[in-house]
1. Filter segment 9-32 down to residues that are in a loop (DSSP other than H, G, I, E, B) and either in contact with a strand residue (DSSP E or B) (Cβ under 6 Å, 6 or more places away or on another chain) or under 23 Å from residue 73 (Cα atoms) (or both), then give me how many there are.
2. Take residue 16 and decide whether it is over 26 Å from residue 181 (Cα atoms), within 16 Å of the ligand (Cβ to nearest atom) and crowded, with 16+ Cβ neighbours inside 10 Å.
3. From the list 9, 36, which residue is within 16 Å of the ligand (Cβ to nearest atom) and crowded, with 17+ Cβ neighbours inside 10 Å?
4. Against the conditions (1) within 13 Å of the ligand (Cβ to nearest atom); (2) closer than 23 Å to residue 176 by Cβ, where does residue 50 fall short? Just the number, please.
5. So is residue 92 at pLDDT below 85, in the same structural domain as residue 33 (by TED's automatic domain parsing), away from the ligand (no atom under 16 Å from the Cβ) and surrounded by 12 or more Cβ atoms within 10 Å (Cβ to Cβ) or not?
6. With 219, 195, 183 as the choices, which residue is under 18 Å from residue 44 (Cα atoms), touching a residue at least 24 places away in the same chain (Cβ under 8 Å) and exposed (fewer than 15 other Cβ atoms within 10 Å of the Cβ)?
Ligand code: CA
């Protein structure tokens, strides 16, 4: 399965260069041309990595990086800086980027950094026989089976897919749109209530008290979060 990279850059020549080189390596790319668009796209879609320029219209890359980190602590971010002095500045700010490249950079160098990060975080699809565990939930993807405290759960296909997605992203705040996009794979026009309906079905199966859920928490006005357990 191809991995998707969000390129945040306003200079068309650099966008073209990045797109070309990443797509040559079978990455899927999407482009945001300013900081606000980057945040919107990030909230609505799922990406495996972000390449983020610092000098951007509307909202600079530092602010974009901080905003994304408030929503998601894990997504890898590589920042592009125009000069070394900016590099020092960001380092000092510790804004949560994973790596930095100073312009002008070679596409090969960027690709090497991207691949190194993706390898490091092991963002690979689940391998056969692997078990996804979170507290009393155990998911066996190979058999499409889910156990809660040793009881086999009867889940619909969508409940199963939603639970797998939430569990893979445990600890992260996920927007309704992101869940809709990930699980239903097409855009319901404006109606993300289907996510709420499926979440309430899931809660009935895995929560001791559906009014005070300990697994799938509601993030008011935004979406949901799967609580992380050992
Ligand atoms: Ca720029």
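1. Residues flagged as in a loop (DSSP other than H, G, I, E, B) and either in contact with a strand residue (DSSP E or B) (Cβ under 6 Å, 6 or more places away or on another chain) or under 23 Å from residue 73 (Cα atoms) (or both) within segment 9-32 amount to 2.
2. no
3. That would be 9, the only listed residue that is within 16 Å of the ligand (Cβ to nearest atom) and crowded, with 17+ Cβ neighbours inside 10 Å.
4. Tallying (1) within 13 Å of the ligand (Cβ to nearest atom); (2) closer than 23 Å to residue 176 by Cβ, residue 50 fails exactly one: (1).
5. no
6. None of the other options fit; the residue is 219.
The values are calculated or read from the model by the stated rules, or taken from the named source; none is laboratory data. This is a predicted model, so every value here is computed, not measured. Backbone-built Cβ (ideal geometry, glycine too); neighbour counts: all protein chains shown.
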